[in-house]
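Since the structure comes first, as structure tokens, the remarks are kept for the end.
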Amino acid sequence: MTAIDLTDARRERFDALAHQCVSCGLCLPHCPTFDLLAAESDGPRGRIHIMQRLVAGDLTVEEAREPLDRCLGCRACETACPSDVQYGQLLEIARDGGAQTPSVQVRALLSFVRRPRLLALALRAGRPLARLLPGATGRSGASLDPHATVTWERRRPGGPPAVVLRGCVMREAFAGAQQAAVDALAAAGYDVVAGPEQGCCGALHLHNGELATGESMRDQLLAGLPAGAILVSTAAGCGAALREHDARVLDLSEALVQAPAPPKGRGGGPVAVFDACHLLHAQGVREAPRDLLRGAGYEPVELAGAGRCCGAAGVYAFTQPELSQQLARSRVDAIRASGARVVSCGNPGCALQLRGALREAQLDVRVVHPAELVVEAAGPQA
């Protein structure tokens with residue numbers, strides 16, 4: 001039986017964060033797994049208690065892993081918490097100390113994303129075959145966008161400089177959204193510069209028990225950002241990992257809404273707004289995606305249970321497939337009830353999850369990145 005393995009600095013940080021929780025339970029109605037399982041150990045309050053006992057030496061990592069494995073890390077509890085408990089940091093520290101069940105799939109993914117070019121080649125070569133595989137891999141493979149080459153630079157001398165975060169998955173799996181982001185920013189008045197080649201932001205490592213590696217990857221990426229430029233994220237999870245350490249990081253929706261010339265367009269009809277957890281709960285961004293759609297001529301539609309996780313949650317669809325699919329089906333029900341035929345989604349993992357679940361439900365609904373909707377609404381002039 002194994003004790004948690006933490007440095008003194010991590011242990012001190014954990015204790016300081018955990019003591020902010022007053023066990024009021026206001027987080028419980030907002031926790032997706034507590035809602036599904038109705039067990040105290042599957043809610044934020046219970047998990048904090050488990051982690052405290054783990055760090056104190058009263059539990060082993062083997063005893064603590066199962067309820068912590070089931071946590072999505074969606075951070076909806078943080079939005080609800082009146083004491084500003086930073087639950088996401090607590091979970092990352094515990095997992096860094098060993099409180100996470102090792103997974104061959106996860107370790108392979110973490111290795112791949114450290115090599116974006118190799119990952120892109122693997123995605124390109126495996127795209128036709130991946131859709132034939134069972135489970136989350138097949139659903140994701142069938143939901144990838146076609147391969148395309150992205151032109152990362154659109155110079156507008158005199159405009160505020162901006163760099164688009166290329167991403168390890170986004171650059172290949174959602175190349176169309178990345179190109180749309182570059183084009184939309186340039187049309188809105190930014191001087192879009194390519195900047196140096198970027199590696200992975202480290203978000204998956206931070207969330208999956210490799211804090212030191214994730215921190216190093218994050219810091220290296222941020223250090224390469226040109227002076228005076230903003231870094232524009234098209235992926236909510238990546239943006240959250242970066243902007244918590246650098247105020248120059250903005251979500252695409254924010255950058256466009258506050259642009260020198262915010263997008264206008266002829267978009268028409270209702271568009272359901274899907275709030276990615278790490279945009280809404282981790283970054284606190286809610287209004288910008290809606291303002292962006294209105295400005296482009298669309299009618300934003302709210303989903304029942306807005307802010308509820310779709311079950312993608314990084315690698316969760318692979319490690320907890322049954323719970324993940326239950327959550328995905330609840331989001332499909334909300335989309336069906338909205339009547340919208342288009343869903344705006346600014347996070348790649350969520351987009352893959354929603355596309356797969358909608359396809360299985362035989363619903364003809366597009367899941368589109370907001371950058372693409374903006375470009376579509378602007379017409380051929382963009």
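Assorted remarks:
- Taking amide H as placed 1.01 Å from N in the peptide plane, the amide H of VAL271 sits under 5 Å from that of GLU299, VAL301, each at least 5 places away or on another chain.
- Over the residues of the chain, the helix contribution to mean residue ellipticity at 222 nm works out to -14500 deg cm²/dmol, using -39500 (n - 2.57) for each DSSP H run of at least 4.
- About the Cα centre, charge dipole magnitude for the chain (Lys/Arg +1, Asp/Glu -1 at Cβ), debye: 1160
- Computed with the Debye formula from one identical point scatterer per Cα of segment 270-381, without solvent, the log10 of I(q)/I(0) at q = 0.12, 0.14, 0.16, 0.20 Å⁻¹ comes to -0.38, -0.52, -0.68, -1.04.
- In a DSSP loop and with at most 14 other Cβ atoms within 10 Å, the trypsin sites (Lys or Arg not before Pro) in segment 299-342 are ARG341.
- Listed candidates (1) 102, 27, 14; (2) 32, 27, 20; (3) 33, 23, 21 - label of the one calculated as semi-axes √(5λ) of the Cα gyration tensor in Å: (3)
- Using only side-chain charges placed at the Cβ, +1 for Lys and Arg and -1 for Asp and Glu, the dipole size of segment 113-257 relative to its Cα centre rounds to 500 debye.
- Neighbourhood charge, 15 Å Cβ-Cβ cut-off, centred on LEU373 and excluding it, Lys, Arg +1 and Asp, Glu -1: -1
- Were the residues from GLU153 through LEU36 laid out at 0.36 nm apart, the gain over their Cα-Cα distance would be 37.6 nm.
- Listed residues LEU242, LEU292, ALA306: farthest to the positive end of the dipole of segment 241-307 (Cβ charges): LEU292
- Net charge of Cβ neighbours under 15 Å - reference GLY267; Lys, Arg +1; Asp, Glu -1: +2
- Value of relative contact order over segment 8-96, rounded to a whole percent, pairs C-alpha under 8 Å and six or more apart: 36
- Relative contact order of the chain, taken over Cα pairs closer than 8 Å and 6 or more residues apart, is 15 percent.
- GLN105 versus ARG117: modelled label distance in nm, points set 7 Å from Cα along the beta carbon direction: 3.0
- Two-site FRET efficiency, THR79 against ASP219, from Cβ-Cβ distance with R₀ of 35 Å, rounded to 0.05: 0.85
- Loop sites in segment 273-372: chymotrypsin sites (Phe, Trp or Tyr not before Pro), DSSP, at most 15 other Cβ within 10 Å: none
- Cα lying deepest toward the dipole's positive end in the chain, options CYS345, PRO196, SER143, charges on Cβ: SER143
- Over segment 199-280, Cα pairs under 8 Å with separation of 6+ residues give a relative contact order of 25 percent.
- Exposure here means at most 15 other Cβ atoms within 10 Å; with GluC sites (Glu not before Pro) in a DSSP loop as sites, the longest stretch of the chain lacking them is 1-152.
- Listed residue (PHE34, MET51, ALA76) projecting farthest to the positive dipole end of segment 8-96, Cβ model: ALA76
- Here the label points at GLU12 and ALA227, each 7 Å from Cα along the C-beta direction, are separated by 3.4 nm in the simple model.
- In this simple spin-label approximation, THR60 and ALA261 carry label points 7 Å from Cα along the Cα→Cβ vector, and these lie 6.6 nm apart.
- Taking other C-beta atoms within 10 angstrom as a stand-in for reagent exposure, THR7, THR234 fall in the order THR7, THR234, fewest first.
- Summed residue charge, Cβ within 13 Å of VAL22's Cβ, Lys/Arg positive, Asp/Glu negative: 0
- Calculated FRET value between GLU299 and GLN362, using beta carbons and R₀ = 35 Å, to 0.05: 0.90
- With the convex hull constructed from alpha-carbon coordinates only, segment 192-342 shows a mean projected area of 10.0 nm² over all directions.
- For segment 144-220, the set of chymotrypsin sites (Phe, Trp or Tyr not before Pro) satisfying both a DSSP loop assignment and a count of at most 12 other C-beta atoms within 10 Å is empty.
Every number here is computed from the coordinates shown, using simple stated rules; none is lab data. Since we're looking at a predicted model, the values are computed, not measured. Please note: Cβ atoms are built from the backbone with ideal geometry, for glycine as well, and neighbour counts cover all protein chains shown.
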